[in-house]
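Notes for the one structure printed next.
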Amino acid sequence: MDRTFAKDVIEFGRSGRTYTRTDLMQREGQMAINAVLPLREFQARCLAPDVALVTCPSETAGGRSQTGHQYGPAWQVPGA
């Protein structure tokens, strides 16, 4: 997960609470991810040559969306 999140990433929870990179890293391993693959209705849209918007329905949150930024061969959840 260390390579997944940018140093200044911020995530917004469905409650409206914001989570910092430290918060996200502390949650790693504490929660089981019960994803069924392939993700239903998964879509990735190219916003720029090195930026993508990923969306899919969520069983608990109604829907999820996340941008990703490509750094060389790897993709990362960007910060603010």
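Hey, can you tell me all the residues within the range 68-80 that are part of a strand (DSSP E or B) and either in contact with a Phe, Trp or Tyr (Cβ under 8 Å, 6 or more places away or on another chain) or modelled with pLDDT under 75 (or both)?
So the first thing to find is which residues in the range 68-80 are part of a strand (DSSP E or B), and the list is 68-71, 74-77.
Correct list: Gly68, His69, Gln76, Val77.
Starting from the range 20-36, take each residue that is within 20 Å of Pro78 (Cβ to Cβ) and list its partners that are at pLDDT below 75, counting only C-beta distances under 8 angstrom and pairs at least six apart or across chains.
Hits for this filter: Arg21/Gly79; Leu24/Met1; Met25/Met1; Met25/Asp2; Glu28/Met1.
Need the failing condition index for Glu59 against (1) at pLDDT 75 or above; (2) more than 15 Å from the chain's Cα centre (by Cα), just the number.
Of everything listed in (1) at pLDDT 75 or above; (2) more than 15 Å from the chain's Cα centre (by Cα), Glu59 misses just condition (1).
Pick from the range 14-56 the residues that are among the aliphatic types (A, V, I, L, M) and out of contact with any strand residue (DSSP E or B) (no Cβ under 8 Å at 6 or more places or on another chain): which of them is modelled with the highest pLDDT? Before you say what the answer is, go through the steps one by one.
Keep residues of the range 14-56 that are among the aliphatic types (A, V, I, L, M), which gives 24-25, 31-33, 35-37, 39, 44, 47-48, 51-54.
Checking the rest, the ones that are also out of contact with any strand residue (DSSP E or B) (no Cβ under 8 Å at 6 or more places or on another chain) come to 31-33, 35-37, 48.
Working: Met31: 67, Ala32: 69, Ile33: 67, Ala35: 73, Val36: 78, Leu37: 82, Ala48: 90.
Ranking the candidates gives Ala48 first.
The values are calculated or read from the model by the stated rules, or taken from the named source; none is laboratory data. Computed from a predicted structure; not experimentally measured. Note that we place each Cβ from the backbone using ideal geometry, even for glycine, and neighbour counts take in every protein chain shown.
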